[in-house]
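Report on the following structure.
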Amino acid sequence: MLLQLIRVALDNLRSNKLRSSLTMLTVIIGVMMIVAMAAVITGLNTSVSRQIASLGSNIITVSRMPQMAFRFPTEEERQRKELTREDAEEIRQKAQDVAIVTPRVFLDPQKFPNPDVRYGNIHASGVAILGVEPDYINVYTSYVREGRFLSDADVRRRTNVVVLGVTVAEKMFPHQDPLGRTVYFENDAFEVIGVLERRGSLFGFDRDNFIWLPITTMLKLHPDAKDGLYIDIKANTQAGIPSIMEQVTEILRQRRHDPPKRPDSFEVSTHNQFIEFYRSLTGGIYIVLLVIASISLVVGGIGVMNIMLVSVTERTREIGVRKAVGARKRHILVQFLLEAMVLTAIGGVIGIVLAEGISLAVDAFSPLPSRVSLFWVVLAFTVALSVGLFFGIYPAARAARLDPIESLRYE
């Protein structure tokens, strides 16, 4: 019986192909947006998680100002006292379940937007300059391709030595071995002692366009770099991170003499917090797009109701004949409901197929691993069916209530 009613519904839709197609269009767009958005945003989140994971695992970072606040720092944040290497040493001595504690400093890009790094007449542009300790390479899981990394002796003696990223090395030494060569940074000569393995990019930022020098050398040449000092902490286990964050907070509050009722004068964060922050941003974007897709489905539902009301009017005599030969109200109701649901179901299937095509295109022509998940396919198809059911109730009920005698007289 059900299959027969579905066959009748399909026959009726085929008899009005253009009208049915136009009615399905908004349902197709709505379903396509839901599934495609879910696939792309899932791909974005997966890509961000992988890129953050590539930095290293179990890492906690202490900074003077928030790292994940997409806003200008407040006056209180700007006035905060800088972190020091002594803070890092205190954490190293007192915190438990900690594998590595190492400070690092950036050359402030606002004060040095394009630092002059050169070898002979070759200049490297957009280079990021970091002052670090030897354990930096272990925290961020980097490897040396040529030569060696910085040593404790380099830090202790404040030697003028540098380790290059692959991008810098290839730019400045395209046809020669960089080891032992002398490069100049702001007119100071540095010996190249190593080149790191390629680390790739992070959010489009080249992580190989870097130069690393001893943190003490950086602070000797640029004392103001201490304002941008960070402390990186590598936990022994992922499970130990919350406990370490609490210990670090307590240690630094005591060292910095933060009053009991005042907020922390520093920030303690993890890579996982960045991932969660990013997902909250994409979640907000997804909600907005979901609302837009929902509007499209509502418009599609109104179109379904309209076409079904027209269909009821055009088939009034047919309804009268069916009732005259024994069809009951529920039979008419189910028939017209099925027609509405078949209409939106077909639109849903087409929308899912188109969304799969969009997802494959994104996966093929962008760095994002976009995939359509079964959950969103089932949800989108269910929503499409629900639209047909909800907006088909009134036309179906109206058809079921028609008087058979009046219907047979209808011209």
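All of the numbers you see were taken from the coordinates with simple rules; none came from a lab. The model shown is predicted, which means the values in this text are computed figures rather than measured ones. Backbone-built Cβ (ideal geometry, glycine too); neighbour counts: all protein chains shown.
What the table shows:
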read-out: Relative contact order for the chain, counting Cα pairs under 8 Å that sit 6 or more residues apart, in percent; value: 29
read-out: Cα coordinate range in segment 237-376, projected on the principal axes (Å, largest first); value: 91, 42, 26
read-out: Formal net charge of residues neighbouring Glu246 (Cβ-Cβ distance under 12 Å; K, R +1; D, E -1); value: -2
read-out: Cα-based Kirkwood hydrodynamic radius, the chain, one decimal, Å; value: 26.5
read-out: Residues Tyr140, Tyr184 arranged by fewest to most Cβ contacts within 10 Å; value: Tyr184, Tyr140
read-out: Ranking of Ile137, Ile233 by count of other Cβ atoms within 10 Å, fewest first; value: Ile137, Ile233
read-out: Qualifying chymotrypsin sites (Phe, Trp or Tyr not before Pro) in segment 189-240, DSSP loop, other Cβ atoms within 10 Å at most 10; value: Phe203
read-out: Sum of side-chain charges, Phe149 neighbourhood, beta-carbon under 12 Å (Lys, Arg +1; Asp, Glu -1); value: -4
read-out: Volume per residue of the C-alpha convex hull in segment 83-176, rounded to whole Å³; value: 129
read-out: Taking Val353, Val291 and counting other C-beta atoms within 10 Å, the order from fewest to most; value: Val291, Val353
read-out: Rounded to the nearest 20 debye, dipole of the chain from Cβ charges on Lys, Arg, Asp, Glu; value: 1820
read-out: DSSP bridge pairs, segment 101-236: antiparallel proportion in percent, nearest 5; value: 75
read-out: Shape call, segment 101-236: gyration tensor on alpha carbons, a/c limit 1.5; value: rounded
read-out: Segment 350-394: C-alpha pair distances exceeding 12 Å, %; value: 66
